[in-house]
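Contents: one structure, followed by commentary.
Read the figures in this text as sums done on the coordinates, not as results from a lab. Source: prediction; values computed, not measured. We place every Cβ from the backbone using ideal geometry, glycine too, and count neighbours over all the protein chains shown.
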Amino acid sequence: MKFLRYIFSIFEAKDKHPYVKLKREVEVLAPFLIDRKIENIHLLHFIESNLKGYDVFKLGNDFVLYFDKNSDAQTDSYIRENFLVFRERLKSKGRDFVYFPILLEKLNLEILPVLKSSFPFFTDSFTDSILDDLQNSEFNIDSCLNEFLDYINYKGKIEKGCISGNYGFTVLEQNADESIEDFMEGYIQNLPVSDKPLVYYSINKEEYDKNKSNVKKESLETLKTIKEQIEILRENGQLSLLAPKIYKFLQNSIDGIVYSNVEPILVTEDFKILIPNYNNLEIKLSHLTKSIYLLFLSSHEPIDLKDLHQHKDRLFFIYKQVSNQLSHDKMMESIEELIKPNSEAIYVHFSRIKSVFHTHFTEYIGFIYCIIGEKGKPKEIQLNREKIVFECKLF
């Protein structure tokens, strides 16, 4: 899409007094941006699957990548000679400069154990196979650039220019008759300062608390370490090389972590909810939410929420087994709150269940595992009962 000039004509509005006129300021586009292709990739288009919600796949908003599909020696030489200068100038705007030819020469695959720890939802043998695949991957400029452009879902025709993170991505073209010197100078001068949304990558403990997660302090510290190491990868540009390859490998191997087939669900003796055919993927829910899910999962008929009180005893029975709480009175209080007439509390749990399943499955498949039903109608899980296996006692 050609970037259009935004020239706003003077807008005049008369006030109640006939002689008073109000004028809107004319907005002038920076000369550098005029007559230049600028294409935006919306975040929703980039995150085409829930797999990219994992931290190791988030490239961030704070980078600028120069690319040229038909790079010449003069351009390459100029970027190399001024690479550190560009890094410093872009650093002052909150950005990290990435140039694949230099990055490939310094690629350090010793960081791979960090990536292994970034996939706790896979078995050790499977993460080992990811690392083996990376070790044997072809890392050259053309393949890495094409994989990167595919990864950010870029469908445009710009052959050279800069890509910057912008809650999605912005691709700005270097014109054919424009020198690399003029382009880089104009680009850096006109690039807005990044607001560095570091919270986007940090451990959100409030979210853990809100969902009543039982993640222990040691686990949080481990996650924090992993995230810090991934942040180093992100800052030095290696994530822009590795993430697309890992993502492609997962897609080719198991359609990513966003599974596209309905598989049997297993509830173990200790009440873990697993999808055995997907590397024993565990569906993790807080105790009360899990109890509600197991109530619906084990019910052979849809449950009308107006009649939820009729299932109070069985829900309490399940909750006592799933939960590690000692106070049965508090547990019953939670259930009583849930089954009050006109209570909306259960929808919070439905939403949490939906969120977890849609993290691991395509929207359609996740829908089949969730508790659903039209407004005012009974709710149910549409999963075929032949695909549900209970190793525990729920009755």
**Q.** Cα gyration tensor shape of region 257-323, rounded if a/c is under 1.5, else prolate or oblate by comparing a/b with b/c
**A.** prolate
Q: Starting from the Cα of ASN82, step 7 Å toward the Cβ, then list every residue of region 168-186 with an amide N under 11 Å from that point.
A: 179-186
Q: Quote the charge dipole size of region 120-172 about the Cα centre in Debye, to the nearest 20; the model charges only the Cβ of Lys and Arg (+1) and of Asp and Glu (-1).
A: 500
Q. From the residues HIS309, ILE388, ALA345, which one has its Cα farthest along the dipole of region 246-395 in the positive direction, the dipole being from +1 and -1 charges on Cβ of Lys/Arg and Asp/Glu about the Cα centre?
A. ALA345
Q.
For a protection proxy built on the mean count of beta-carbon atoms within 10 angstrom, sort 154-165, 59-70 highest first, please.
A. 59-70, 154-165
Q. Given the C-alpha centroids of region 334-395 and region 129-146, what is the distance between them in whole angstrom?
A. 40
Q.
On a full-extension model of 0.36 nm per residue, what is the gain between GLU386 and ASN108, subtracting their alpha-carbon distance, rounded to one decimal in nm?
A. 95.3 nm
(Q) Semi-axes of the equivalent ellipsoid for region 29-85, please: Cα gyration tensor eigenvalues, times 5, square-rooted, ordered largest first, whole Å. (A) 28, 19, 12
Q: Beta carbons within 10 angstrom, averaged per residue: use that to sort the peptides 291-304, 324-337, highest first.
A: 291-304, 324-337
**Q.** Ordering of 77-89, 228-240 by burial proxy (mean other Cβ atoms within 10 Å per residue, highest first)
**A.** 228-240, 77-89
Q | PHE139 paired with LEU44, simple spin-label distance in nm, labels 7 Å along Cα-to-beta-carbon | A | 3.6
Q: Work out the FRET efficiency for LYS393 and LYS248 from their Cβ-Cβ distance, taking R0 = 56 Å, and round it to the nearest 0.05.
A: 0.80
